[in-house]
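Since the structure comes first, as structure tokens, the remarks are kept for the end.
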2 protein chains.
Amino acid sequence: MDEFEKAFRASGLKITHQRMEIYRELARAKDHPAAETLHKRLQQKIPTISLDTIYRTLSSLEQHGLICRINSREKQARYDADRRRHHHLVCTQCKQILDFQWEAFDRSEPPAELKHWGRLLRRDVILYGICGKCSESM
Amino acid sequence: MDEFEKAFRASGLKITHQRMEIYRELARAKDHPAAETLHKRLQQKIPTISLDTIYRTLSSLEQHGLICRINSREKQARYDADRRRHHHLVCTQCKQILDFQWEAFDRSEPPAELKHWGRLLRRDVILYGICGKCSESM
DNA sequence: TCCCAAGGTAGGAGGTATTCCTATTTAGTA
DNA sequence: TACTAAATAGGAATACCTCCTACCTTGGGA
């Protein structure tokens with residue numbers, strides 16, 4: 001959390017109660033919550049917190065690289081406070097999102113034909129499938 | 001296009017004028033158009049075609065594996081009629097989407113820890129960056 | 001070929017996720 | 001403490017997409 005304060009200060013962003021709580025809640029959550037889910041959870045602590053604040057804060061945090069937004073195929077974007085390099089596995093049935101590491105992929109070179117395209121900034125892998133539990137209940 | 005008719009018939013879907021034109025337009029386009037873009041283009045040919053038909057048709061085509069939907073970080077979903085296995089590279093500046101092949105990745109095994117998770121169905125890679133042209137003009 | 005039922009379409013209404021607006025409040029600095 | 005730029009709450013607005021209904025078309029069977 002200290003690290004978060006530092007990073008935020010370094011970016012010239014104010015440290016507000018709301019932001020701290022949003023980040024804290026996201027870091028604690030293991031289920032990659034959507035903005036709305038976070039809003040509901042946070043209302044327990046800060047009853048007046050607005051959904052807009054959640055969205056604004058999540059955008060700021062993402063822009064400053066403190067969290068990441070997961071573009072699954074759902075409508076709602078989902079978020080992740082884990083800053084380690086990792087990828088996502090989505091169960092298309094129950095919508096659960098699982099983190100995983102894939103170092104072999106991280107180390108691999110993109111195809112040579114892209115060498116002269118421009119500047120590559122990030123690479124996302126999302127795997128889709130049906131998790132064990134959902135497979136059983138089908 | 002014949003192949004498309006066959007696949008559509010095999011799925012029990014009727015072949016309508018609208019669907020054929022939507023597919024034809026998408027197959028011709030090289031810019032991975034969004035539904036709205038396709039709608040505008042198709043109105044030249046079929047002035048009364050509705051946006052809803054575009055959305056419905058794109059969903060059907062995607063469900064039957066005839067086209068693919070690209071989840072870039074934009075709001076609008078974009079589509080691609082290329083059925084060969086390929087991946088996407090997005091310029092975050094001009095929003096251009098480029099197709100590329102990455103056979104080494106396609107052949108690679110996902111991490112062992114996922115072996116017992118469930119059934120993997122697909123894997124998407126999206127690379128993000130700034131293309132040459134946009135780099136120059138910055 | 002003609003008819004019928006299932007499925008598809010147009011057009012507008014409706015929904016949902018997200019963003020904008022603005023008056024008020026707050027954090028950080030002098 | 002006082003000031004200023006930035007952030008917030010709350011509601012309005014937007015954007016993308018989906019639903020609804022009445023009408024039309026396709027494809028299969030007589």
> Are there GluC sites (Glu not before Pro) in region B:32-122 that DSSP marks as loop and that have at most 15 other Cβ atoms within 10 Å, and which are they?
Replying inline: B:Glu74
> Where does region B:23-104 land on Rg/Rh, using Cα atoms and the Kirkwood Rh?
Replying inline: 0.97
>> Taking only the Cα atoms of the protein assembly as shown, how large is their convex hull per residue, in Å³?
In response: 180
>> Through the Karplus equation 6.51 cos²θ - 1.76 cosθ + 1.60, θ set to phi - 60°, convert the phi angles of region B:79-94 into ³J(HN,Hα) values in whole Hz; use x for Gly and Pro.
In response: 10, 8, 9, 7, 8, 5, 5, 7, 10, 10, 10, 10, 7, 6, 7, 9
> How about A:Lys95: which lysines have a C-alpha closer than 25 Å to its C-alpha, ignoring those fewer than 8 places off in the same chain?
Replying inline: A:Lys30, A:Lys40, A:Lys75, A:Lys133, B:Lys75, B:Lys115
>> Distances longer than 12 Å among the Cα atoms of region B:36-83: what percent of all pairs is that?
In response: 64
>> Restricted to Cα positions, what overall size does chain B have along the principal axes? Three whole-Å values, descending.
In response: 48, 46, 24
>> If the reach is capped at under 16 angstrom between alpha carbons, list the aspartates and glutamates near A:Lys6, excluding any in the same chain fewer than eight residues apart.
In response: A:Glu21, A:Glu62
>> Can you report the principal axis dimensions of region B:8-65 using only the alpha carbons, biggest first, rounded to whole angstrom?
In response: 30, 23, 17
> At what distance in nm do the modelled label points of B:Ser137 and A:Lys75 sit from each other, each positioned 7 Å from its Cα along Cα→Cβ?
Replying inline: 3.4
>> Give the separation of the Cα centroids, region A:78-138 to region A:10-49, in Å.
In response: 24
> For region A:70-138, max minus min Cα coordinate along each principal axis, in Å, sorted largest first?
Replying inline: 48, 22, 21
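Read-outs: derived from the displayed coordinates by stated rules, not from any lab. Just so you know, these numbers come straight off a predicted model, no measurement behind them. A quick note on method: Cβ atoms are made from the backbone with ideal geometry, for glycine too, and the neighbour counts reach across all protein chains shown.
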